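In what follows, a single structure is set out as structure tokens and then discussed.
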Amino acid sequence: DDPLYAPRRGYPNPWVEIAVRTHLPLIGHRGQESLSRNHINVLTPTVLVALPGGPGTASEAALAVRYRRPIVAWLHDRGEIPNLPDSVPVAADLPAVQRFVSEKLGFASGTG
């Protein structure tokens, strides 16, 4: 057994409703490389909402920009995701996130 492909301890965390299990082992700072499942995470949804996080979250945000996927960061401060690409907009409250998502989904009212 290759430890690179072994399931990580504690995965998925208790908040995950649908675990995306792949053979792709790279995470964190290496999340933009071809063997990272972050590509699947970014290319699957219609709109992405980034929450406070670390290098893996920053990698996903950078991939969203690279793949031209709509993304908004729900943060009080950009520093909650170190290295967040400058082109990712930040929404400080839920109504702003809802407006962004509604607009990207093509809803006219913003209430979905």
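Things worth noting here:
- Lys, Arg +1 and Asp, Glu -1 on Cβ, resulting dipole of the chain about Cα centre, debye, nearest 20: 200 debye
- More than 22 Å apart - percent of Cα-Cα pairs taken over segment 1-103: 31 percent
- Relative to the dominant Cα principal axis of the chain, helix 94-105 is inclined by about 90°.
- The apolar share of the surface of the chain, taken as the fraction of accessible area on carbon and sulfur atoms (1.4 Å probe, ligands and nucleic acids excluded), comes to 55 percent.
- Scaled against 2.2 N^0.38 Å for its residue count N, the alpha carbon radius of gyration of segment 55-99 is 1.08.
- With at most 16 neighbouring Cβ atoms within 10 Å, loop chymotrypsin sites (Phe, Trp or Tyr not before Pro) (DSSP) excluded, longest segment of the chain: 16-66
- Accessible-area ranking of Arg8, Arg21, largest first, probe 1.4 Å: Arg21, Arg8
The values are calculated or read from the model by the stated rules, or taken from the named source; none is laboratory data. Keep in mind that this is a model prediction, so the values were computed, not measured. In this analysis, Cβ positions are derived from the backbone assuming ideal geometry, glycine residues included, and neighbour counts consider all displayed protein chains. Calculation scope for accessible area: heavy atoms of the full protein, side chains included, ligands and nucleic acids excluded. Shrake-Rupley method; radii C 1.70, N 1.55, O 1.52, S 1.80 Å.
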